[in-house]
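*Asks:* After the structure tokens below, expect a handful of questions from me.
The values are calculated or read from the model by the stated rules, or taken from the named source; none is laboratory data. Quick caveat, the model's predicted, so the values are computed rather than measured. Please note: Cβ atoms are built from the backbone with ideal geometry, for glycine as well, and neighbour counts cover all protein chains shown.
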Amino acid sequence: MVKLSLFEYKDYKRYISDWIEHSPQKGRGLRKQLAEAIQCQTAFVTHVLSGNYHFSLEQAEACGRWMGLSQEEIEFLLLLVMHQRAGTKSLEKLLGQQIAAKKEELNTLKNRLKISEAMSQEDQMVYYSSWHFAAIHMALLIPELQTLEGLQNYFQLSPTRLRHILDFLVNKGLIKQEKGVFKSVIPVLHLGSNSPLLNQHHTNWRLKAIESIIGKSSSDLHYSGVISLSQDDFDWVRERLSQLLEEVVARLKDSKDEKLACLSFDWFQI
């Protein structure tokens, strides 16, 4: 079944209709099941999804549970229902602002990926001063790179520079050393969108991306394009990319450590 993100939608009816349409056998019989779940006639469900009728909040909440939505998704579904049921422009505007705020909150990657900081501001200034810190930190998840010799051969850094980075990572509790083998202890760090170091962090890896572009490796993928589009489609792309990143992080969480890679994509308004 195709995974649909409720947070991409402004119309709860369209979401429910699409959810049914993308279910096995194109949702045959699901409208009847939905009617039973929210205790109404199947004809009423059809009138709501295809016409000007609306579910009550109680029916919408029951619908969300029947669809297997999370608590957060049910709350957002209720916001959409209230917004479309609003009887005054002022209420409609207020609920629209709440929906926009919720989407902004959900689009914050730190919240979506459930990542927290593990270092002080002073330590972050050192860690994000160069791409080497993060790269070596992650490289230690790969067995072949967990020794000084393996790291030296891979990164081609001077012994002094490599030892400086490893000592920092050990002292800050991000990695540990046992019998000449280095291992990552805290494998995931995240800079909040309000961090003064965020620009430096992105710059470090964009410079590495430029090196990759110049190197022209057939295994790498780069794309740049300027597009004219609607505000709704701009929001849709942002949500889809955020959703994709969330899925990528979930998939790679238990991925076998064999290669070191960098993921960068840019989507911004100009």
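*Asks:* Being modelled with pLDDT of 80 or more and not assigned by TED's automatic domain parsing to the domain that holds Asp11 narrows it down to one residue among Asn171, Asn194; which is it?
*Replies:* Asn171
*Asks:* Follow-up question, since we're still on this one. Consider Asn52 against the criteria (1) surrounded by fewer than 16 Cβ atoms within 10 Å (Cβ to Cβ); (2) under 26 Å from Gln231 (Cα atoms); (3) in contact with a helix residue (DSSP H, G or I) (Cβ under 9 Å, 6 or more places away or on another chain): it satisfies all of them except one. Which criterion is unmet?
*Replies:* Only one criterion in (1) surrounded by fewer than 16 Cβ atoms within 10 Å (Cβ to Cβ); (2) under 26 Å from Gln231 (Cα atoms); (3) in contact with a helix residue (DSSP H, G or I) (Cβ under 9 Å, 6 or more places away or on another chain) is unmet by Asn52, namely (3).
*Asks:* Here is a list: Ile213, Ile227. Which entry is in a helix (DSSP H, G or I) and at pLDDT below 75?
*Replies:* Going through Ile213, Ile227 in turn, just one is in a helix (DSSP H, G or I) and at pLDDT below 75: Ile213.
*Asks:* Counting just the residues of the stretch 95-124 that are under 23 Å from Tyr12 (Cα atoms), in contact with a helix residue (DSSP H, G or I) (Cβ under 9 Å, 6 or more places away or on another chain) and modelled with pLDDT of 70 or more, which one comes out surrounded by the fewest Cβ atoms within 10 Å (Cβ to Cβ)?
*Replies:* Across the stretch 95-124, the extreme among qualifying residues is Glu105.
*Asks:* Taking helices (runs of 4 or more DSSP H) that do not extend beyond the stretch 118-160, which have at least 1 residues that are in contact with a Lys or Arg (Cβ under 6 Å, 6 or more places away or on another chain) and farther than 18 Å from Lys179 by Cα?
*Replies:* Result: 121-127, 131-139.
*Asks:* Confirm whether Ser255 is among the polar types (S, T, N, Q) and modelled with pLDDT of 75 or more.
*Replies:* Spelling it out, Ser255 is indeed among the polar types (S, T, N, Q) and modelled with pLDDT of 75 or more.
*Asks:* I would also like to ask the following. When Leu69 is evaluated against the numbered criteria (1) closer than 21 Å to Ser242 by Cβ; (2) surrounded by 17 or more Cβ atoms within 10 Å (Cβ to Cβ); (3) touching an Asp or Glu at 6+ places or on another chain (Cβ under 8 Å), which criterion, by number, is the only one it fails?
*Replies:* With (1) closer than 21 Å to Ser242 by Cβ; (2) surrounded by 17 or more Cβ atoms within 10 Å (Cβ to Cβ); (3) touching an Asp or Glu at 6+ places or on another chain (Cβ under 8 Å) applied to Leu69, the lone miss is (3).
*Asks:* Among the listed residues Leu91, Leu79, Leu95, which satisfies the condition of being under 22 Å from Gln243 (Cβ atoms), over 18 Å from the mean Cα position of the chain (by Cα), in the same structural domain as Tyr12 (by TED's automatic domain parsing) and assigned to a helix (DSSP H, G or I)?
*Replies:* Leu79
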